[in-house]
Amino acid sequence: MNGAAEKLPLHIPLEDARARLRTASLPFTVLFEYADCSVELYAPKITDKQQPHAQDELYIISAGTGTFRREQTVVSFVAGDVLFVPAHIPHRFENFSEDFETWVIFFGPKGGSKPQP
């Protein structure tokens with residue numbers, strides 16, 4: 001087996017991620033990084049101040065409810081929903097509950113991936 005692969009986490013329990021987030025100084029904690037992929041747990045308080053990112057990203061809502069804005073489109077979300085944002089597109093969570101948190105998966109090349117035809 002590849003020695004580098006053995007050092008990568010096989011399993012990241014949500015409760016472990018939440019414990020790391022509670023001690024973080026920012027509203028997110030990076031849990032996993034490999035090649036062009038990273039996984040975070042993100043839980044903004046009151047206002048989501050994030051800016052567009054250099055990579056495509058998926059959000060998988062782990063708790064809470066609210067609305068999500070991607071450019072001018074707004075959708076409601078609940079735990080279990082998946083949201084997608086291409087690289088460099090303005091987006092943010094709005095009107096979210098106090099218990100809101102989401103997995104964030106950044107993936108692909110900087111600048112974003114090209115859509116499949």
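Laboratory data are not the source of any read-out in this text; all were calculated from the coordinates shown. Since the model is a prediction, treat every value here as computed from it, not as a measurement. Because the Cβ atoms are built from the backbone with ideal geometry, glycine has one as well, and the counts that use them run over all protein chains shown.
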query = Calculated FRET efficiency, residue 45 and residue 11, Cβ-Cβ r, R0 35 Å, to nearest 0.05?
reply = 0.80
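Ranking request for peptides 54-65, 19-30: highest mean number of other beta-carbon atoms within 10 Å first, then the rest in descending order.
Numbers: 54-65: 17.7, 19-30: 13.1.
Per-residue mean Cβ counts within 10 Å order the peptides as 54-65, 19-30.
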Relative contact order of the chain, defined on C-alpha pairs under 8 angstrom at six or more residues apart (%) = 28 percent
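When averaged across all projection directions, what area in nm² does the alpha-carbon convex hull of the range 44-85 cover?
Details: hull surface 12.7 nm².
Hull-based average projected area comes out at 3.2 nm².
At R0 = 25 Å, how high is the FRET efficiency between residue 30 and residue 70 if r is their beta carbon distance? Nearest 0.05 is fine. Could you put the intermediate results ahead of the total?
Details: r = 23 Å, r/R0 = 0.91.
The formula returns an efficiency of 0.65 here.
How large is Rg over Rh for the chain, taking Rg from the Cα atoms and Rh as the Kirkwood inverse mean of 1/r across Cα pairs? Don't jump to the answer; show the numbers that get you there.
On the way: Rg = 14.8 Å, Rh = 15.1 Å.
That ratio equals 0.98.
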ask   = Calculated from DSSP H runs of 4 or more alone, at -39500 (n - 2.57) each and per residue, what is the 222 nm mean residue ellipticity of the chain, nearest 500?
value = -2500 deg cm²/dmol
